[in-house]
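Asks: Sharing a structure, written as structure tokens. Questions coming.
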Amino acid sequence: MGIAHEAADLRDLLVERSLSGGIRTVRRQSLAYAHKMLEGDPDNTFGLEDWRTASIDEVVTVVEAGIGDRITDGDPELGYIAPEHTLAGIRAHADALAPFLRDGGGTVLLATGHPTGLLDHYADLARALRNAGNQIVRVLDDHRLERAVGAHAAGETGIRFFGGVACAFHDEAILHTHRPDHMEAMIAAVAAGGVRIDLVIADHGMAGAAIAAGLHTLSIADANDIALFLARARGRHEHVLPIEDNFTPAEFAPVTAYMLRRATGIAV
């Protein structure tokens, strides 16, 4: 099967698994998160500052451009991402990965705020990048942040790497987090060591902090991850992959497989 035919099959699979097309992140929630971002809620600004000068009209427009759906129209209890937008994002990520997988020699930092959905995806990318001769950054592994973060103020929060991927943790549990603090700490540590990061692959605040630092970033965004679409519309970030982002990793595996095959030029 050629890569073009595989893309058609992947489109059908995305819709079948509700990763794209009709999704479970409904318009009402996306609109609510847009308002929270405009109010400066750190769980929705992702460490980016564009919200300070944005309006709700601009936000609705940039989300529509990102996901192919206007979150103020239609049934508020339904959600939608255009499959063509998702496929375009997958292809863009693959094409951005291609020189790293072909030539090696890059320094790459991978991180996720949605480990229960995306950790396997990033770990597979980390493995492929490492095998191609790139350095996978593991900075501040098991480091505790000096300041408390969000709802976890009562205990320690820090950074741990799993399969080459940075995750936030609290006490003994890996966290779902939208905050930028962990990525900000890693970027500062890498800069202090004189290392240049060539590529960041991340989501939510992990991606936002990297974009704010001016780093080349590949991000994954659900329909309610408004700050990443706003950053792209304002020319601060290019490669956003719009997709439902917190399903079981097995549901996401075909996305990873297609991305790597396209990036390495192997048709199956």
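The values are calculated or read from the model by the stated rules, or taken from the named source; none is laboratory data. Since the structure is predicted, the reported quantities are computational estimates derived from the model, not experimental observations. All Cβ positions, glycine included, derive from the backbone under ideal geometry; neighbour counts span all protein chains shown. The protein model used for the area step is the full one, side chains on, heavy atoms only, and it has no ligands, DNA or RNA in it. Shrake-Rupley method; radii C 1.70, N 1.55, O 1.52, S 1.80 Å.
Asks: Take the Cα atoms of the chain, build their convex hull, and give its volume per residue in Å³.
Replies: Hull volume over Cα atoms, normalised by residue count, gives 117 Å³.
Asks: Quick one: putting +1 on the C-beta of Lys and Arg, -1 on the C-beta of Asp and Glu, what dipole do you get for the range 34-97 around its Cα centre, in Debye to the nearest 20?
Replies: The dipole magnitude comes to about 200 debye.
Asks: Antiparallel DSSP bridges in the chain: what percent, to the nearest 5?
Replies: 45
Asks: Continuing with the same structure: Which shape class applies to the range 128-268: rounded if a/c is under 1.5, otherwise prolate when a/b exceeds b/c and oblate if not, where a ≥ b ≥ c are the square roots of the Cα gyration tensor eigenvalues?
Replies: Note, shape of the range 128-268 comes out rounded.
Asks: Still on this model: Of V60, G89, G113, which is farthest towards the positive pole of the range 1-130's charge dipole, taken about the Cα centre with +1 and -1 on the beta-carbons of Lys, Arg and Asp, Glu respectively?
Replies: Of the candidates, G113 comes out farthest on the positive side.
Asks: Quick check: convex hull over the Cα atoms of the range 82-195, volume per residue in Å³, rounded to an integer?
Replies: 113
Asks: From the P(r) of the range 195-268, could you give the percentage of C-alpha pairs in the tail past 19 Å?
Replies: 41
Asks: I'd like to check one number: the per residue accessible area of the chain, probe 1.4 Å, reported in Å² as a whole number.
Replies: 41
Asks: If you don't mind, another one. Express in % the proportion of alpha carbon pairs of the range 1-156 at distances exceeding 24 Å.
Replies: 53
Asks: Go ahead and set up a Gaussian network model of the chain, Cα springs under 10 Å, then flag whichever of A88, A126, A210 fluctuates most.
Replies: Its mean-square fluctuation being the largest, the pick is A88.
Asks: Under DSSP H, which helices of the chain have Cα atoms covering 15 Å or more of the helix axis and a Kyte-Doolittle average no less than 0.0?
Replies: For the chain, where a helix must reach 15 Å along its axis and average at least 0.0, the hits are 3-16, 56-67, 181-192, 249-264.
Asks: Could you size up the charge dipole of the chain around its Cα centre, putting +1 on the beta carbon of Lys and Arg and -1 on that of Asp and Glu, and report it in debye to the nearest 20?
Replies: 680
Asks: Only four residue types carry charge here, +1 at the Cβ of Lys and Arg and -1 at the Cβ of Asp and Glu. Report the dipole size of the range 3-161 about the Cα centre in Debye, rounded to the nearest 20.
Replies: Around 480 debye, computed over the range 3-161.
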